[in-house]
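The values are calculated or read from the model by the stated rules, or taken from the named source; none is laboratory data. Bear in mind that the values here come from a model prediction, so they are computed numbers and not experimental data. Cβ placement follows ideal geometry from the backbone for every residue including glycine, while neighbour counts extend to all protein chains displayed.
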Amino acid sequence: MNAQIDNLLTETRRFEPTPEFVAQANADETLYARAQADRLGFWADQARELISWQRPFTSVLNWENPPFAKWFEDGTLNVAYNCLDRHVEAGNGDRIALYWEGEPGDTRAISYAELTDEVKRAANVLTDLGVRAGDRVAIYLPMIPEAIVSMLAVARLGAVHSVIFGGFSADSIRARVDDAAATLIITADGGYRKGKVSPLKPAVDAALEARGDLPTQQTVRNVLVVGRGGNQIEWTEGRDHWWHERVPAASSVHEPEAFPAENPLFILYTSGTTGAPKGILHTSGGYLTQAAYTHRNVFDIHPETDVYWCTADVGWITGHTYVTYGPLANGATQVLYEGTPDSPNPGRWWELIEKYRVSVFYTAPTAIRAAMKLGRKIPKRSDLSSIRLLGSVGEPINPEAWMWYRKVIGGKTAPIVDTWWQTETGAIMISALPGVTVTKPGSAQVPLPGIEVSVLEENGTPVPPGSGGLLAITEPWPSMLRGIWGDPDRFRETYWSTFPNAYFAGDGARLDADGDVWLLGRVDDVMNVSGHRLSTAEIESALVAHPFVAESAVVGATDETTGQAVVAFVILKESQAEETADHAAVSAALKSHVSTLIGPIARPRDIFVVAELPKTRSGKIMRRLLRDLAEGREVGDTTTLADTTVMRIISADVAAR
Ligand code: WTA
């Protein structure tokens, strides 16, 4: 990280938008001025301009009981109607909503009229299966159109979806389904990944099975299964239903009911600093307003002409806001791709850009660095001249990757928007506005109009330009999380206790002399691996759940491609000495154990067997010292350790490997 920060501090390149881009851009300077003059009035305007309300709101923000915000509280709307029917009613039913491409090369082009029809049918099926407003529905699907159809069908009924990323394990599904008490799970037999069918339903079956100490899952009554992989699966009569038998046979007549703006829309689980993932709760009117506003202005979307592609999976917040809700609320045309970037060849993404003439492309720095490593020859094989805007999200983008992205993918002219936000913020918070901002490689730059952020010292005073501190959001925003599902205290403690009147994001940041924000990564025990959030505590508890392990400590170590990598230090149980003599075998076994328990994304890159862990006198593990070791640096200040010789022992253990 240190080399990267040095790199950021010396970055002086600046890129002005071209006059042609400026001339056609959705955003201009007046947005900042309007928001500055009357922030709440500005948001009310956005909500009225971008969203169709069944009953117009009169109250913009209710902040009487912070941190529990209510936006547009007396307004009513149907979120799915906003993403579908109203575009058809406006005469745009023939516009393509989704250009879907399966990994094996099968394709579907789905118009807004067709998508609306399909969502109505699916909503009728869900009603038949007992789903009512407020009920929770878990979705565990590959990147196929049915994933979006399912989310919107749930939203249409005023029910709450909880999308679980297809890479998560049975245990992770179980934890999420239990926490939300979901009554229905929508899954698929399997999906295509890296040229093979990767099964999904078996993990759902396992999650719903009674297992030893855990009770049988009582709340799930039905499982709706999309046939995608064609792989063999088990079937539970009465509980399991095929999508292709139910949805096409259902009526395509479905009246959208209007729900209050604060009706819950979804729960999305994300890693925090403690073991159990938090169910981040988002509601309807404010979320959709900020999703549509940011999608329109940050990505400069012109729905009649643009082809937009966000590569995120709908299992993450980026997929929720910038695959499902933002683009569809704006009536945009987008590409949806099922598979991995390198299947069947490393140029697949660039081929898709050429094939669909993608004009706006949004991805993560990890993917950019991976492409960069393979060399520019691969993207150069495709015609990328349709690209006119590029976006980045999920982790800090190093200036080198930013420059490569601009030159090789963006044809040296496309503006890059580096967008900072979180599952909790629901939508983009800090980003350049294309056509307005002079961009700087590596900096997310400025809060969007309507958003107030500060970089604060630990005591809550703003840092002067040129200094670093903690990133805080100082005013409520429409798409902010409304809480943690079932745990209001944790919501207050996690985000609102560091500073008296501001939301603490968990990120370190620096302000430069111009007042632009540079993100420096998490300051808590959350790791960011390939743009995915992982909790050190969650992986530590997975490790100690293994019979070999007495104690563990996990750190995120800098990794050239994935940003950070999971590195674990374990102390083995004395009683297992015989079984664990071969440390290489132990490390392999523990890696696959973590992968089974949480999912392959959590699999540690390295596991070191050690005799001791560095702890303070109060027993807290000093991860900073372990990070020094994991990154091959000289170990820093050890004076606060209970036993100062311990790092010498650990260093010797690590060196012996
Ligand atoms: C990090 C993803 C630097 C940050 C949308 C944040 C970023 C966490 C950026 C949220 C960016 C996201 N520059 N860091 N442009 N975007 N992050 O919840 O540490 O999966 O707190 O949301 O990713 O990750 P999450």
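Number of residues in region 159-201 that are in contact (Cβ under 8 Å) with a residue 60 or more places away in the chain and assigned to a loop (DSSP other than H, G, I, E, B): the value is 9.
If the condition is being hydrophobic (A, V, I, L, M, F, W, C) and assigned to a loop (DSSP other than H, G, I, E, B), then region 496-513 contributes Phe499, Ala502, Ala513. Just one of the listed residues (Pro248, Pro264) is within 27 Å of the chain's Cα centre (by Cα) and not hydroxyl-bearing (Ser, Thr, Tyr), and it is Pro264.
In region 551-656, counting only helices (runs of 4 or more DSSP H) that sit wholly within it, the ones holding 2 or more residues that are β-branched (Val, Ile, Thr) span 583-597, 646-655.
Taking the conditions (1) without any contact (Cβ under 8 Å) to a residue 24 or more places away in the chain; (2) farther than 13 Å from Pro66 by Cα; (3) of a type outside the set (D, E, K, R) in turn, Thr498 satisfies each one other than (1). Of all the criteria given as (1) over 30 Å from Trp63 (Cα atoms); (2) within 14 Å of the ligand (Cβ to nearest atom), the one not satisfied by Val549 is (2). Flag set for Phe491, criterion: away from the ligand (no atom under 11 Å from the Cβ), touching a strand residue (DSSP E or B) at 6+ places or on another chain (Cβ under 7 Å) and among the aromatic types (Phe, Trp, Tyr). Within region 29-83, take every residue that is β-branched (Val, Ile, Thr), under 24 Å from Ile280 (Cβ atoms) and not in a loop (DSSP other than H, G, I, E, B) and give me the one that is nearest to the chain's Cα centre (by Cα). For region 29-83, the residue satisfying everything is Val79.
Would you confirm whether or not region 247-257 contains a residue that is at pLDDT 95 or above and outside any loop (DSSP other than H, G, I, E, B)? No: region 247-257 contains no residue that is at pLDDT 95 or above and outside any loop (DSSP other than H, G, I, E, B).
Pairs linking a residue in region 526-553 that is within 21 Å of Gly394 (Cα to Cα) to a residue that is among the charged types (D, E, K, R) and more than 12 Å from the ligand (Cβ to nearest atom), with Cβ atoms under 8 Å and 6 or more positions apart or on different chains, are Val529/Asp559; Ser535/Asp525; Thr536/Asp525; Thr536/Arg623; Ala537/Asp525. Residues in region 97-133 that are touching a Ser or Thr at 6+ places or on another chain (Cβ under 8 Å) and closer than 25 Å to Pro260 by Cβ: Lys120, Ala122, Asn124, Gly130, Val131. The residue that is nearest to the ligand (Cβ to nearest atom), counting only those in region 374-428 that are farther than 19 Å from Ala312 by Cα and hydroxyl-bearing (Ser, Thr, Tyr), is Thr413. Of the residues that sit in region 119-133 and are in a helix (DSSP H, G or I) and aliphatic (A, V, I, L, M), which one is nearest to Ala182 (Cα to Cα)? By that ranking, first place goes to Leu126. Going residue by residue through region 300-310, is there one that turns out to be away from the ligand (no atom under 16 Å from the Cβ), among the polar types (S, T, N, Q) and part of a loop (DSSP other than H, G, I, E, B)? Within region 300-310 (the criterion being away from the ligand (no atom under 16 Å from the Cβ), among the polar types (S, T, N, Q) and part of a loop (DSSP other than H, G, I, E, B)), the answer is yes, since at least one residue qualifies.
Before we move on, is Thr616 of a type in the set (Ser, Thr, Tyr) and either more than 28 Å from Glu400 (Cβ to Cβ) or modelled with pLDDT of 95 or more (or both)? Considered against the rule, which asks whether it is of a type in the set (Ser, Thr, Tyr) and either more than 28 Å from Glu400 (Cβ to Cβ) or modelled with pLDDT of 95 or more (or both), Thr616 comes out as yes. Looking across region 514-538, the residues that are part of a helix (DSSP H, G or I) and within 16 Å of the ligand (Cβ to nearest atom) come down to Thr536, Glu538. The number of residues in region 84-118 being within 27 Å of the chain's Cα centre (by Cα), of a type in the set (A, V, I, L, M, F, W, C) and not in a loop (DSSP other than H, G, I, E, B) comes to 7.
Among residues of region 77-96 that are more than 18 Å from Arg296 (Cα to Cα), those with a beta-carbon under 9 Å from a residue that is hydroxyl-bearing (Ser, Thr, Tyr) and in a strand (DSSP E or B) at least six positions away or on a different chain give the pairs Val88/Ser111; Gly93/Ser111; Asp94/Ser111. Selection of region 226-241 for residues being touching a residue at least 60 places away in the same chain (Cβ under 8 Å) and either surrounded by fewer than 10 Cβ atoms within 10 Å (Cβ to Cβ) or over 25 Å from Gly195 (Cβ atoms) (or both) yields only His241. The set of residues in region 384-421 being in a loop (DSSP other than H, G, I, E, B) and in contact with a Phe, Trp or Tyr (Cβ under 9 Å, 6 or more places away or on another chain) consists of Leu384, Ser386, Ile387, Arg388, Gly394, Pro396, Ile397, Gly410, Thr413, Ala414, Pro415. With respect to Val358, is the statement that it is in the same structural domain as Leu98 (by TED's automatic domain parsing) and not in a helix (DSSP H, G or I) true? The answer is yes for Val358. Do we have Gly435 as more than 15 Å from the ligand (Cβ to nearest atom), surrounded by fewer than 23 Cβ atoms within 10 Å (Cβ to Cβ), assigned by TED's automatic domain parsing to the domain that holds Ala23 and closer than 24 Å to Arg34 by Cβ here? Judged against the criteria, Gly435 is a match. Out of Ser443, Ser454, Ser479, one residue alone is outside any helix (DSSP H, G or I), away from the ligand (no atom under 15 Å from the Cβ) and of a type in the set (Gly, Ala, Ser). It is Ser454. Taken together, the criteria place Ala364 among residues that are small (Gly, Ala, Ser), over 20 Å from Asn26 (Cβ atoms), within 16 Å of the ligand (Cβ to nearest atom) and touching a residue at least 60 places away in the same chain (Cβ under 8 Å). For Ala553, all conditions in the list (1) at pLDDT 95 or above; (2) among the hydrophobic types (A, V, I, L, M, F, W, C); (3) within 23 Å of Val646 (Cα to Cα) hold save one; what is the number of the exception? (1) is the only condition that Ala553 fails.
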